[in-house]
Amino acid sequence: MNPLNSHQTQEKKEQAFLVGIDLPSNNSLISMEDSLEELYLLATTAGLMVVGEATQKLSRPNPVTLIGSGKAEEVRLLLEDSEADVVIFDAELSPRHLRELEKLFGENINVVDRTALILDIFAQHAQTREGKLQVELAQYEYRLPRLTRAWTHLARQAGGGGGRSGGVGGVGLRGPGETQLEVDRREISRRISKLKSELEKVRAHRMRHRSQRTKSQIPVISLVGYTNAGKSTLLNTISSSDVLVADKLFATLDPTTRKVRLPGGNFALISDTVGFIQKLPTQLVAAFRATLEEISEANCLLHVLDCSHALVNEQWQSVQNTLEEINADHIPVITVLNKVDKIENKVELDTILAMFPDALPISALQKDGIDQLLSNIEIQLFESFEPVEVKLPYEEGKLTATFHQHGQIDFIEHGRKEVHIIGKLPLRYISLFSNFVIQQSRETEENET
């Protein structure tokens, strides 16, 4: 079985006990209490019933059990009283922490951390082959350093597929002196290598697909935002499609792209993918590199915020941090304050609008503000020009023609090997010229003159 049972019946849900930890090293944008509330939503999304919780503030982690020994014993007793099946820590447990806690709580209690919980949710929601490969890789890379005798049966079903072909199950032969644990470790390492190879093929396919889109000159908009901000609802409203919408964290995992006609007659592709969250596991960011590259290659980002959420500013910052991590923070952004229909107090709404003065207030569900949003998208993509200076080799004649056709040329000089152009380009074309841009500041130019 998985660390969390992904195939629970409606009659019997596994019961979860939550443990919140406040450490100075957490560097979290939200409080322990708010983080624990988010953990509750994650557990619910995973199909668990939360039956209790405990918290502890620590100056430094306990090297053995993460929490203090007294608190660990208290949690053990609470687990017995609540008849919990799973204990979930709102932090990442080291292999030693996991091992010692499993000993303390007993073999009937599954010990899970925030990362494992998120990985389990992703395993439940992945539908496409690419999504399943990415989740399986993330699960294996998380589990390998934590593999113990108690975990060997779990590693056989990584990916949430209930016994995928090609997994580590079925290993029967051992060399002299080898333990089953060593065999499992080696087989998991082989599986990780195979998954990485398959995902590189996916990545190459995505790159070819993006190249074709670039040639078609249809700009791409990526929807980004904290999980459950309403991105899928917005995509449905804009494109009149039927992407899955659910009031759950990570309801949408696999990327979805729709073609949209803008008010002026131009077309754009709008792509939705996984929502972000506090403490997004590094394994997921690495495994979903091919998918996240869709964001980093977009012409424009539509950052969707749930303005009715009490932590809207912290969620905005969390998304910004993730965009920096995947090198997508340089892309033009249109910020959208979604779910304004949920705010009845005008003073409260005005306060939020003041926090994000350049944002557009909308209700994707009620379809309020959508026309203005589409107009702003069109202005951003087709009417906003960016100053640029490039040197284009003569073999890049198509790019020179594109500059002449769609840009504004202030200066052009034909050299022996290249064309030097200074001018302006629509934002959607800037990425085409990224390899030929001259990195020279205006201050340097002024000094030279």
Note to self: C-alpha centroids of segment 18-88 and segment 319-344 sit apart, in Å, by 29
Yeah, segment 218-382 with a ≥ b ≥ c from its alpha-carbon gyration tensor (a/c under 1.5 is rounded, else prolate when a/b outruns b/c, oblate otherwise) is rounded
Low-density loop GluC sites (Glu not before Pro), segment 74-155, at most 12 other Cβ within 10 Å, DSSP non-H/G/I/E/B, are 83, 107
Within segment 330-366: backbone nitrogen closer than 19 Å to the residue 434 label point (7 Å, Cα to C-beta): 330-334
Sparse-neighbour loop sites [GluC sites (Glu not before Pro); segment 311-391; at most 10 other C-beta within 10 Å; DSSP]: 344
Theoretical FRET efficiency, 1/(1+(r/R0)^6), r = Cβ-Cβ of residue 310 and residue 416, R0 60 Å, to 0.05: 0.45
Name all residues of segment 294-319 having a backbone nitrogen under 16 Å from the label point set 7 Å from the Cα of residue 345 along its Cα→Cβ direction, giving them as ranges. 307-313
Determine the percent antiparallel among the DSSP beta bridges restricted to segment 15-121, to the nearest 5. 5
Residue 208-residue 385 pseudo-label distance in nm [points 7 Å out on the Cα-to-Cβ vector]: 3.8
Which of rounded, prolate or oblate describes segment 15-121 when judged by the alpha-carbon gyration tensor and an a/c cut-off of 1.5? rounded
In range of the label at residue 267: residues from segment 394-417 whose backbone nitrogen is under 20 Å from the point 7 Å along Cα→Cβ: 406
Using Cα positions and a limit of under 29 Å, work out the lysines in reach of residue 424, with same-chain residues fewer than 8 apart set aside. 215, 259, 391, 398
Step through the table entries 339/367; 12/132; 71/279; 13/71, compare each Cα-Cα distance with 20 Å, and write down the pairs that go over it. 12/132; 71/279; 13/71
Can you compute the modelled spin-label distance between residue 73 and residue 41, with each label point 7 Å from Cα toward Cβ, in nm? 3.7
Peptides 110-116, 296-302: what's the order by average Cβ count within 10 Å, highest mean first? 110-116, 296-302
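Every number here is computed from the coordinates shown, using simple stated rules; none is lab data. From a predicted model like this one, the values you see are computed outputs, not experimental measurements. Cβ atoms come from the backbone with ideal geometry, glycine included; neighbour counts cover every protein chain shown.
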